[in-house]
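*Asks:* Just passing along the structure, written as structure tokens.
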Amino acid sequence: MNIYESTLADVFIIEPKVWGDERGYFFESYREDLISKHLRKFHWVQDNESLSVKGVLRGLHYQLPPFAQSKLVRVIRGSVLDVAVDIRKGSPNFGKHMTIELSEENKKQVLIPRGFAHGFLVLSDTAIFSYKVDNYYSKESERSILWNDPSIGVDWQLSESHLVLSEKDKVGKQLSEVDIFPSSDLYA
């Protein structure tokens, strides 16, 4: 398992070692002992999975403390453009984002700590997206940043006419309007 920092500080890419032959493949999608050598130890409390069709854009979502969440995300089938945005007050990278294609072929994963908004766009006909979280969902604490906020400037790779958005994601707020939190509150 290779673990390295992404183009955005504190967001990590995990590349598993894949063993394949004529029968198929095998890989370890999570190894706490290896990951904790590089990163702090996470206590995952829930696994989530979604099925989406091409053009579905989910995000940019996050939860406020005390329900903030770290996520370990991957794609089981298909491919997505995955996006993380630093929303930590006082961070030198505040408002910056990183993108990466996650797919069933590359089997890469992204570890997104608390203090980041997250979203993804389905690039394939369908995609099964799976992720672990270290805190439970709280509807009252959930927030949504507008997917096309010009201050963030994500290149989603598809024209707006090809996107499928939930009503919640259509009316997300600009980064300048959302509730953010100091870094000291991330793991309280």
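The values are calculated or read from the model by the stated rules, or taken from the named source; none is laboratory data. If you're wondering where the values come from, they're calculated on a predicted model, not measured in any experiment. Note: ideal-geometry Cβ built from the backbone for every residue, glycine included; neighbour counts use all protein chains shown.
Matching residues to (1) hydrophobic (A, V, I, L, M, F, W, C); (2) under 26 Å from Y137 (Cβ atoms); (3) in contact with a Ser or Thr (Cβ under 9 Å, 6 or more places away or on another chain):
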| residue | (1), (2), (3) |
| --- | --- |
| G20 | no, no, no |
| Y25 | no, no, no |
| S29 | no, yes, yes |
| E32 | no, yes, no |
| S36 | no, yes, no |
| V45 | yes, yes, no |
| G55 | no, yes, no |
| L60 | yes, yes, yes |
| Q63 | no, yes, yes |
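*Asks:* Quick one: would you say I128 is under 17 Å from the mean Cα position of the chain (by Cα) and assigned to a loop (DSSP other than H, G, I, E, B)?
*Replies:* no
*Asks:* Only one residue in V75, V18 is more than 16 Å from G119 (Cβ to Cβ) and among the aliphatic types (A, V, I, L, M), so which one is that? Quick ask: steps written out before the conclusion?
*Replies:* Working: V75 fails: more than 16 Å from G119 (Cβ to Cβ).
Being more than 16 Å from G119 (Cβ to Cβ) and among the aliphatic types (A, V, I, L, M) holds for just one of V75, V18, which is V18.
*Asks:* Follow-up question, since we're still on this one. So for the stretch 137-148 (the condition being within 30 Å of F26 (Cα to Cα), among the small types (G, A, S), in contact (Cβ under 8 Å) with a residue 12 or more places away in the chain and touching a Leu at 6+ places or on another chain (Cβ under 9 Å)), does at least one residue qualify? Steps first, please.
*Replies:* Kept after step one, since they are within 30 Å of F26 (Cα to Cα), are these residues of the stretch 137-148: none.
No.
*Asks:* Suppose we keep only residues that are in contact with a strand residue (DSSP E or B) (Cβ under 7 Å, 6 or more places away or on another chain), in a loop (DSSP other than H, G, I, E, B) and of a type in the set (S, T, N, Q) within the stretch 136-168. Which one would you say is farthest from V56 (Cα to Cα)? Show your work before the answer.
*Replies:* First pass over the stretch 136-168, keeping only residues in contact with a strand residue (DSSP E or B) (Cβ under 7 Å, 6 or more places away or on another chain): 136, 138, 141-147, 152, 154, 156-158, 163-165, 168.
Still in the running and in a loop (DSSP other than H, G, I, E, B): 136, 138, 146-147, 152, 154, 156-158, 163, 165.
Checking which are of a type in the set (S, T, N, Q) leaves us with 138, 157.
Values: S138: 23, Q157: 12 Å.
Going through the qualifying residues, I end up with S138.
*Asks:* Here's something else I'd like to know. Considering L123, L102, which residue is over 13 Å from V73 (Cβ atoms) and modelled with pLDDT of 95 or more? Break it down stepwise before answering.
*Replies:* Values: L102 fails: over 13 Å from V73 (Cβ atoms).
Within the list L123, L102, the selection yields L123.
*Asks:* Is it the case that V18 is farther than 23 Å from D155 by Cα and among the aliphatic types (A, V, I, L, M)? It would help to see each step written out before you state the result.
*Replies:* Values: farther than 23 Å from D155 by Cα: yes; among the aliphatic types (A, V, I, L, M): yes.
When the stated conditions are applied, V18 passes them.
*Asks:* Here is a further query. When the residues of the stretch 87-138 are filtered to those that are among the hydroxyl-bearing types (S, T, Y) and surrounded by 15 or more Cβ atoms within 10 Å (Cβ to Cβ), which remaining residue is nearest to S50 (Cα to Cα)? I'd like the intermediate steps shown before the answer.
*Replies:* Initially, the stretch 87-138 is screened for residues among the hydroxyl-bearing types (S, T, Y), giving 91, 99, 103, 124, 126, 130-131, 136-138.
Next cut, surrounded by 15 or more Cβ atoms within 10 Å (Cβ to Cβ) only: 91, 99, 103, 124, 130-131.
Working: S91: 31, T99: 19, S103: 14, S124: 14, S130: 7, Y131: 9 Å.
Across the stretch 87-138, the extreme among qualifying residues is S130.
*Asks:* If you check V80, V110, V73, V53, which single one turns out to be at pLDDT 95 or above and over 15 Å from the mean Cα position of the chain (by Cα)? Show your work before the answer.
*Replies:* Values: V80 fails: over 15 Å from the mean Cα position of the chain (by Cα); V110 fails: over 15 Å from the mean Cα position of the chain (by Cα); V73 fails: over 15 Å from the mean Cα position of the chain (by Cα).
So the residue among V80, V110, V73, V53 that is at pLDDT 95 or above and over 15 Å from the mean Cα position of the chain (by Cα) is V53.
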